[in-house]
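A.B. asks: First, the structure itself, so that you have it in front of you.
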Amino acid sequence: MQASVYGVGNPLIDIIVPISDEDLSWLGIHKGTMHLITANKRAELIEFISNKEVSYSSGGSCPNTIITLSALGITGALGGMVGTDTYGPIYKKAIVESGALDEIRETSSKTGSSIILVTPDSERTMNTFLGANRDFGPEDLAADRVKEAEFFHFTGYMWDTDSQKKAILKALDISKANGTRISFDIADPFAVSRNRETFLKIIQDYADIVFANNEEARILFNNYDAFECAKSMGKICPLSIVKNGKHGSFVNDHGNIESIPVQGGEPTDTTGAGDNYAAGFLYGLCAGRSSTDAGHCASYLAGEIIDQVGAQFSRDKINEIRAHLESTT
C-alpha cells in the first residue's frame, strides 16, 4: 500500500506508572519535568516500577503525527528504530493497530522509552531514554516510501546523531529528486538552538512546509514577534507556520499570511499539541484543502488534544474528530 505521508522519527514506548508523591520524592526526581536519562538510570527505574500497575502506549513526536493522520484516514508510514527487547514488539503492534504502515527497523539496542511517573494530582514527570533511536541510519530508510509519498515528514529531534542526520539528508535528496513535498517540524527549542544555521539551510534548500512555535521561530530569526517571524520564514520556505500559543498561529502561504485562531479552552495537558497540529495541517493538505483551511484543521486537532491527558486520541474520540473534519470546511 502506498503511503501519503512517510514520517521518520524517534519511536518511544511510553511506560506510564501511577506513583505517590512520596515515591517521587524518594527517587529524587523533580516533579513535572522531562529528564534525558542513561541506560543505568532507566534500569533503576524499571526495577523500581516492576511491582506497580503499568500501562504502555506508543509515543514520540513524529510517531504521534503519523498515528493521528492514519487514524483520520490518511495513509501514513512510520520509519524509526526499536530494539528486540520486550518493548520493541509492543511498539510495533501499537503502530499497526493505529492503521499506520510499519517501516520501523530493529536493532540489538534497547527500545527508546519514556517512563512517565504520574502523581495523584495528574502531574506527569517524564524520564526519556533515546536508546535504539540513536542507531537509525541511511540504510534503514524506506527509500521507496519517500519516492512514492506525497509528503516526507520529519522533526528536529532527528538531529541527534550522525547516523540520524545522514538518514534525513538522504531522504531529503530523494524527495527533491522525486517531487515528494518535504514537511519539517522543528519541534524543540533546544534542537534549534544547537543547530540554528543547519536548520535555516534545510528550510531554505529543502523544506516545502515548516512548522515552528514562537520560541523556535524566535531563535531562528532573533525576533520575539511571531507575525514578523512568520514573514521572515515565508521568505525562505513556500508554506510556513508559526504557532503562537494561546494567540493562535500564522500560516504564510507564498507571502500571504493568515491568522488562525486557537480552538479549545484551558488546556488539561499540552503533551502532543504540536504533533497533532502538524497532523491536522497535513490532513488538510492531503484532503485537497487550502492552506487556510488546513490551518483551521490543525488548530482544531491541537485544541482537542490539550483537552485530555496524553498525546493520542482514543478510538471513539478520533472517530468523532474524523466525522467533524469530513463534514466541515
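Values quoted throughout were computed directly from the atomic coordinates according to the rules given, and no laboratory measurement underlies them. Please read all numbers here as calculations on a predicted model, not as lab measurements. Cβ atoms come from the backbone with ideal geometry, glycine included; neighbour counts cover every protein chain shown.
A.B. asks: Just to confirm a number: summing +1 for Lys and Arg and -1 for Asp and Glu over residues other than PRO189 whose beta-carbon lies under 14 angstrom from that of PRO189, what do you get?
C.D. replies: Details: positive: ARG194, ARG196, ARG218, LYS243; negative: ASP185, ASP188, GLU215, GLU216.
For residues surrounding PRO189, the net value is 0.
A.B. asks: Given the peptides 24-33, 235-244, 278-287, 293-302, arrange them by the average over their residues of other C-beta atoms within 10 Å, most packed first. Provide the component values of the computation, followed by the final result.
C.D. replies: On the way: 24-33: 12.6, 235-244: 21.6, 278-287: 26.1, 293-302: 24.6.
Highest-to-lowest ranking by the protection proxy: 278-287, 293-302, 235-244, 24-33.
A.B. asks: Which percent of the Cα-Cα distances in the range 18-58 go past 12 Å?
C.D. replies: Values: 563 of 820 pairs.
Counting every Cα pair in the range 18-58, those more than 12 Å apart make up 69 percent.
A.B. asks: List the pairs from LYS176/LYS201; LYS31/LYS92; LYS170/LYS243; LYS165/LYS235; LYS170/LYS201 whose alpha-carbon separation is above 19 Å, in the order I gave them. Display every interim value, and only then the final one.
C.D. replies: On the way: LYS176/LYS201 15 Å; LYS31/LYS92 30 Å; LYS170/LYS243 28 Å; LYS165/LYS235 25 Å; LYS170/LYS201 15 Å.
Cα-Cα > 19 Å for LYS31/LYS92; LYS170/LYS243; LYS165/LYS235; rest within.
A.B. asks: Going by average Cβ density within 10 Å per residue, which order do the peptides 74-81, 159-166, 126-133 take, highest to lowest?
C.D. replies: Details: 74-81: 26.6, 159-166: 16.6, 126-133: 23.4.
Listed from highest to lowest mean packing, they are 74-81, 126-133, 159-166.
A.B. asks: If you average 1/r across every pair of different Cα atoms in the range 194-329 and take the reciprocal, what Kirkwood value do you get, in Å? Before the final figure, lay out the partial values.
C.D. replies: Working: mean 1/r = 0.0660 Å⁻¹.
Kirkwood radius, the range 194-329: 15.1 Å.
A.B. asks: Still on this structure: Using a Gaussian network for the chain with springs between C-alpha atoms less than 10 Å apart, which of these wobbles most: GLU139, GLU215, GLU103?
C.D. replies: Maximum fluctuation in the GNM of the chain, among the listed residues, is at GLU139.
A.B. asks: Answer rounded, prolate or oblate for the range 134-213, using the Cα gyration tensor with square roots of eigenvalues a ≥ b ≥ c: rounded when a/c is under 1.5, else prolate when a/b is larger than b/c, else oblate. Mind showing how you got there, number by number?
C.D. replies: On the way: a/c = 2.00, a/b = 1.27, b/c = 1.58.
Since a/c reaches 1.5 but b/c is at least a/b, the shape of the range 134-213 is classed as oblate.
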